[in-house]
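What follows is a short report on a single structure.
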Amino acid sequence: MTDAALVLGTFGAEQHWRPEGMARLPGVRDPRAVAWVAAMDELLVLLTRPGDTLATRRPLSGALREVLAHAGITFAHQLLPQGPAGASAEALAAEEPFLTGVAAGHHRLEPFAVLPDTVALAQRMGLAGALPAADVAARVNGKLWSNACVRELGLPGQAYEARGSAEVAGLVERAARVTGAVLVKDPFGVAGQGTLEIGSAATAARLTRHLRRQEEAGCEVRLLVQPRWERRWDFSAHLEIARDGTARVVGVQHLRNQGYRHAVSGPLPAALAAELRGQGYAAVLTAVAERLAGEGWFGPVCVDSMVCADGMLVPVLEVNARQSLGRLNLRLNDVAGRRGLESHLWQEEIALAEGEGIDQVLAALAGEGLLYTGGSEPGVLPLSGGCLTPPRGRLCCAVLCPPGAFDHWAQRVRRCLATARSARTDRVPAR
Amino acid sequence: MTETENRVKKVLAEVLHEVVPPEAVTVEADMVQELGMDSLQAIQFLLRIEDEFDIELDYENLSLDHLRSVREFAVVVEAAGATR
């Protein structure tokens, strides 16, 4: 056994913490997004250190590994056993012969989140007690816990908690009087899903009917309702809580979202840093960390926050006691900073021609001189190939560039990939 | 273009106005593959379609795969009880 870690994880962890029998908001299944979320485990390469093993659901491209190695990211890789759709990465890793043949050779387990399957895997690896309890993880990751924290600390931005469809209807009406538009949130909503914006009385009535039907079928309705504030800044603080309960702030990241979904994590703009000074943000983070430690949580924490258009600081929108994209970017930003660059973790949907995937994307970026190849030259570092499936894929990458240059680099990447796609489409003979 | 298609197209253009120019929203364009509609935009689109046509959609059995062109979706809308 070595000190090497087994790094693996299940994005979309919230669905594994969601209690049975809870009513859901109206939603539309997106089969592509399910596949992308599963393939995002490749991003955990940013948690690895030399000698660690990254285990993923899909094979890794050899070309991608080569690019990562040039950037100084080297690791061993293992493919997880295949399993049923919806199975966690940890459940797959607990299968034989993977468990005895691969997992057991590691002294540490570095997961994305602590699910019941993660705790079970740790026990089977002989690492019992290395992680917080799964019920603690489920409790503190629910938005009801975050909201209780906001209420008890007397912070701005508290949501109303609704039990039952009738209460939801009343609270939506009450919240609408504050700002007009209202957000209704599922306590275990997954990144971007599980939040519904209500902009009219007719939509509110439809939501109520949708929830009532589920109530009649025996489901429990528990939702959060809050006014939708105009945002000026979204950002997240990243903490690490030690076993003894002491906490340190690893960093704060600026967030850009598309809708309610993550688009870019990057360094804090100076204007936002200036706004946060003197607003007691650090003291709030300390208080949240104390509460988490009191619950029995230790490990990574991400606190989502925002500054509203009117300047009001909402320091705790949501607490995620797990790894996060911002936290992963902080790892890379440390390296980038030593080279005079800053790192932005960026996700964007892109069109792909038939037959295109990560290898073609890497070739296109290399052809334009846009790939990051290590050192102090700026560039783009793709981090996942599994999300790049035609006709539309999700580009997950880091942009390492001088301060203030992210938008310029993002445009260059968009142009490069669009040009490469056009050229490839033109080469496909007409049928 | 039928009246239903025209109304569906108008709702779609409103939902996608920040990411797609209105002229790109045609009755034939694929909402997901060509216009890039994601699940969040889709739910806003469907809720506004319910408001526009005063119908109830069956969310349990809807996926993004059911959202193709305005022309095809107009048929779903009419089947759900909308009048032309």
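Scanning residues 5 or more positions from A:R392 or on other chains, those with amide H under 5 Å from its amide H are A:L352, with H placed 1.01 Å from N in the peptide plane.
A simple rule links phi to the HN-Hα coupling: the Karplus curve 6.51 cos²θ - 1.76 cosθ + 1.60 with θ = phi - 60°, which for region A:82-94 gives 6, x, x, 4, x, 5, 6, 4, 5, 5, 5, 5, 7 Hz, with x for Gly and Pro. According to the Cα-based calculation, Rg over Rh for region B:3-64 is 0.94, with Rh computed by the Kirkwood formula. With each label modelled as a point 7 angstrom along the Cα→C-beta vector, the A:E348-A:D426 pair spans 2.2 nm. With the alpha-carbon atoms of chain A aligned to their principal axes, the span from lowest to highest coordinate is 57, 52, 52 Å, starting with the largest. Cross-link partners of A:K143 among lysines, defined as those whose alpha carbon lies under 16 angstrom from its own and excluding same-chain residues fewer than eight positions apart: A:K185. Approximating the spin labels as points 7 Å out from Cα along Cα→Cβ, the A:A366-to-A:A128 distance works out to 4.9 nm.
The helix-based estimate of mean residue ellipticity at 222 nm for chain A, built from -39,500 (n - 2.57) per DSSP H run of four or more residues and divided by its residue count, is -11000 deg cm²/dmol to the nearest 500.
The amide H of B:I55, built 1.01 Å from its N in the peptide plane, has no neighbour under 5 Å, considering only residues 5 or more places off or on other chains. A quarter of the convex hull surface defined by the alpha-carbon atoms of region A:2-131 gives 8.9 nm² as the mean projection. Have a look at B:L64, B:L12, B:L35 and tell me which one the Gaussian network model of chain B (Cα, springs below 10 Å) gives the largest fluctuation. Highest fluctuation among the options: B:L64.
Sorted by mean Cβ packing within 10 Å, highest first, what order do the peptides A:65-75, A:243-253 take? Write down the numbers at each step before the final one.
Working: A:65-75: 17.3, A:243-253: 15.7.
Highest-to-lowest ranking by the protection proxy: A:65-75, A:243-253.
Restricting the calculation to alpha carbons of region A:230-323 gives Rg and Dmax of 13.2, 39 angstrom. Shielding of peptide B:30-41 by partners, expressed as the average count of other chain Cβ atoms within 10 Å per residue Cβ, is 5.
Throughout, read-outs are computed from the coordinates displayed, never taken from laboratory work. As the structure is a computational prediction, the values presented were derived from the model and not from experiment. In this analysis, Cβ positions are derived from the backbone assuming ideal geometry, glycine residues included, and neighbour counts consider all displayed protein chains.
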